[in-house]
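The values are calculated or read from the model by the stated rules, or taken from the named source; none is laboratory data. For clarity, every value in this text was computed on a predicted model and none was experimentally measured. Virtual Cβ from ideal backbone geometry, glycine too; neighbours counted across all protein chains shown. Note: areas computed on protein heavy atoms with side chains; ligands, DNA, RNA excluded. Shrake-Rupley method; radii C 1.70, N 1.55, O 1.52, S 1.80 Å.
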Amino acid sequence: MVRANGAVSLRELARVVQTSEVTVRRDVRALEAEGLLDRRHGGAVLPGGFTRESGFPQKSLSATAEKTAIADLAAGLVEEGEAIVVGAGTTTQELARRLARVPGLTVVTNSLLVAQALAHANRVEVVMTGGTLRGSNYALVGSGAEQSLQGLRVSRAFLSGSGLTAERGLSTSNMLSASVDRALVQAAAEVVVLADHTKLGTDTMFQTVPTDVITRLVTDEPPPHDDRAATELQALADQGVQIAVAGATPAGPARHDVPLPGQRRTRAQLRSANGSLTPELQDRAPRVADLRRR
């Protein structure tokens with residue numbers, strides 16, 4: 001079942017083999033010891049490859065300057081008195097720290113870290129989902145979290161993930177996290193993805209947000225010669241995703257917006273404030289266009 005589906009829950013295993021979850025859990029532990037699968041909270045996945053996920057300490061130390069710039073830019077999208085949902089992740093945690101200054105804001109989240117960042121904001125109301133705590137990223141997951149989101153409607157959802165491609169959209173390495181993220185998306189009129197350049201072109205096991213559902217991507221400018229990230233940015237722009245690029249500089253984040261009102265572009269028009277292509281992306285655009293023609 002794991003080979004066929006990539007992942008499976010303990011509950012489903014117990015139902016199929018007609019035994020208790022306690023027995024299944026013991027057997028899964030034995031199979032993990034043999035290197036045949038990896039245990040995850042509430043289930044099992046194929047070992048290695050798509051399923052590997054860094055823990056919170058590793059994530060919190062990765063691309064910190066980029067995440068700060070992305071959070072600064074994303075916070076500018078939030079208006080006074082809005083109701084939004086914010087998913088789990090180190091980038092969304094950075095966003096939450098900035099949202100504490102937005103008066104009249106209501107934030108629905110399944111992330112303990114997001115809630116903690118807003119705990120002392122006098123004019124921000126925080127609504128937590130139910131669910132089971134997933135310790136590796138301090139997020140509430142499972143049926144309790146998903147059920148608490150039913151019937152909810154907010155203006156925007158801010159989500160992060162493990163990878164982002166134009167082909168599959170946003171994805172994550174954990175089955176339970178992916179399921180809750182999909183429920184968060186269902187509650188929002190618009191979806192804003194926060195992803196630094198290291199996640200562009202990376203594909204992980206569980207899709208959370210298809211590309212055609214993503215309203216806007218807030219990212220940082222890829223470093224020179226990172227053609228994979230540039231290719232994905234162009235492909236995402238071609239599919240109608242609005243792209244905002246934050247550049248981390250000593251003077252503060254620089255903003256590059258790409259308004260794409262339903263148009264499909266033949267090139268990635270990642271523009272700076274004066275309307276010209278940023279130098280790095282301008283150099284790479286012909287190569288990216290050539291790759292698409294091939």
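Within region 221-263, take every residue that is among the polar types (S, T, N, Q) and open to solvent by 10 Å² or more (accessible area, probe 1.4 Å) and give me the one that is modelled with the lowest pLDDT. Break it down stepwise before answering.
Kept after step one, since they are among the polar types (S, T, N, Q), are these residues of region 221-263: 231, 234, 239, 242, 249, 263.
Now narrow it down to the ones that are open to solvent by 10 Å² or more (accessible area, probe 1.4 Å): 231, 239, 242, 249, 263.
On the way: T231: 89, Q239: 94, Q242: 96, T249: 44, Q263: 33.
Out of the qualifying residues, it is Q263.
Based on what the data block shows, is L184 touching a residue at least 60 places away in the same chain (Cβ under 8 Å), closer than 23 Å to L77 by Cβ and surrounded by fewer than 22 Cβ atoms within 10 Å (Cβ to Cβ)? Full working, then the answer.
Numbers: touching a residue at least 60 places away in the same chain (Cβ under 8 Å): yes; closer than 23 Å to L77 by Cβ: yes; surrounded by fewer than 22 Cβ atoms within 10 Å (Cβ to Cβ): no.
Here the answer is no, as L184 does not meet what is asked.
Consider V218 carefully, then state whether it is open to solvent by less than 10 Å² (accessible area, probe 1.4 Å) and more than 17 Å from V127 (Cα to Cα).
Answer is yes for this residue.
Would you mind stating whether V191 is within 28 Å of G130 (Cα to Cα), buried (at least 23 other Cβ atoms within 10 Å of the Cβ), more than 10 Å from the chain's Cα centre (by Cα) and hydrophobic (A, V, I, L, M, F, W, C)?
On the way: within 28 Å of G130 (Cα to Cα): yes; buried (at least 23 other Cβ atoms within 10 Å of the Cβ): yes; more than 10 Å from the chain's Cα centre (by Cα): yes; hydrophobic (A, V, I, L, M, F, W, C): yes.
Spelling it out, V191 is indeed within 28 Å of G130 (Cα to Cα), buried (at least 23 other Cβ atoms within 10 Å of the Cβ), more than 10 Å from the chain's Cα centre (by Cα) and hydrophobic (A, V, I, L, M, F, W, C).
Which count do you get for residues in region 134-143 that are outside any loop (DSSP other than H, G, I, E, B) and open to solvent by less than 30 Å² (accessible area, probe 1.4 Å)? Write out each step before concluding.
Quick first cut of region 134-143, residues outside any loop (DSSP other than H, G, I, E, B) only: 134, 139-141, 143.
The next check asks that each one be open to solvent by less than 30 Å² (accessible area, probe 1.4 Å); those that pass are 134, 139-141.
Total satisfying the criteria: 4.
Mind listing whichever residues of region 95-117 are of a type in the set (V, I, T) and farther than 18 Å from A145 by Cα? Walk me through how you get there before you give the answer.
Of all residues in region 95-117, those of a type in the set (V, I, T) come to 102, 106-109, 114.
The answer is V102, and nothing else.
Can you name every residue in region 194-203 that is open to solvent by 10 Å² or more (accessible area, probe 1.4 Å) and either touching a Pro at 6+ places or on another chain (Cβ under 8 Å) or not acidic (D, E) (or both)?
We begin by selecting, within region 194-203, every residue open to solvent by 10 Å² or more (accessible area, probe 1.4 Å); these are 197-199, 201-203.
Passing the criteria: H197, T198, K199, G201, T202.
Scan E125, E167 and give me the residue that is under 19 Å from the mean Cα position of the chain (by Cα) and either modelled with pLDDT under 95 or not in a loop (DSSP other than H, G, I, E, B) (or both). Talk me through it step by step, then tell me what you get.
On the way: E125 fails: under 19 Å from the mean Cα position of the chain (by Cα).
Step by step, each of E125, E167 is checked, and only E167 is under 19 Å from the mean Cα position of the chain (by Cα) and either modelled with pLDDT under 95 or not in a loop (DSSP other than H, G, I, E, B) (or both).
Checking L140 against (1) at pLDDT below 95; (2) within 16 Å of N174 (Cβ to Cβ); (3) of a type in the set (A, V, I, L, M, F, W, C), only one condition comes out false. Which one?
Of the numbered conditions (1) at pLDDT below 95; (2) within 16 Å of N174 (Cβ to Cβ); (3) of a type in the set (A, V, I, L, M, F, W, C), the odd one out for L140 is (1).
If you take the residues of region 115-133 that are under 27 Å from G43 (Cβ atoms) and either touching a residue at least 40 places away in the same chain (Cβ under 8 Å) or among the β-branched types (V, I, T) (or both), which of them is surrounded by the fewest Cβ atoms within 10 Å (Cβ to Cβ)? I'd like the intermediate steps shown before the answer.
Of all residues in region 115-133, those under 27 Å from G43 (Cβ atoms) come to 115, 128-133.
Subset that is either touching a residue at least 40 places away in the same chain (Cβ under 8 Å) or among the β-branched types (V, I, T) (or both): 129, 131-132.
Numbers: T129: 23, G131: 20, T132: 14.
My answer is T132.
Show the residue pairs that are 6+ apart or on different chains and have beta-carbon atoms under 8 Å apart, the first residue being within region 134-153 and touching a residue at least 40 places away in the same chain (Cβ under 8 Å), the second being part of a loop (DSSP other than H, G, I, E, B) and of a type in the set (V, I, T).
L140/T129; L149/T129
So which of R101, R156, R97 ends up being open to solvent by 20 Å² or more (accessible area, probe 1.4 Å) and in a helix (DSSP H, G or I)?
Numbers: R101 fails: in a helix (DSSP H, G or I); R156 fails: in a helix (DSSP H, G or I).
None of the others qualify; the one that does is R97.
Conditions (1) open to solvent by 60 Å² or more (accessible area, probe 1.4 Å); (2) under 27 Å from V191 (Cβ atoms); (3) in contact with a helix residue (DSSP H, G or I) (Cβ under 8 Å, 6 or more places away or on another chain); (4) modelled with pLDDT of 90 or more, marked per residue:
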residue: L13; (1), (2), (3), (4): no, no, yes, no
residue: L37; (1), (2), (3), (4): no, no, yes, no
residue: E53; (1), (2), (3), (4): no, yes, no, no
residue: A71; (1), (2), (3), (4): no, yes, yes, yes
residue: A75; (1), (2), (3), (4): no, yes, yes, yes
residue: V86; (1), (2), (3), (4): no, yes, yes, yes
residue: T90; (1), (2), (3), (4): no, yes, yes, yes
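Of the residues in region 188-206, how many are hydrophobic (A, V, I, L, M, F, W, C) and in a loop (DSSP other than H, G, I, E, B)?
Taking region 188-206 as the starting set, the residues that turn out to be hydrophobic (A, V, I, L, M, F, W, C) are 188-189, 191-195, 200, 205-206.
Among the residues that remain, those that are also in a loop (DSSP other than H, G, I, E, B) are: 195, 205.
Looking only at that region, the number is 2.
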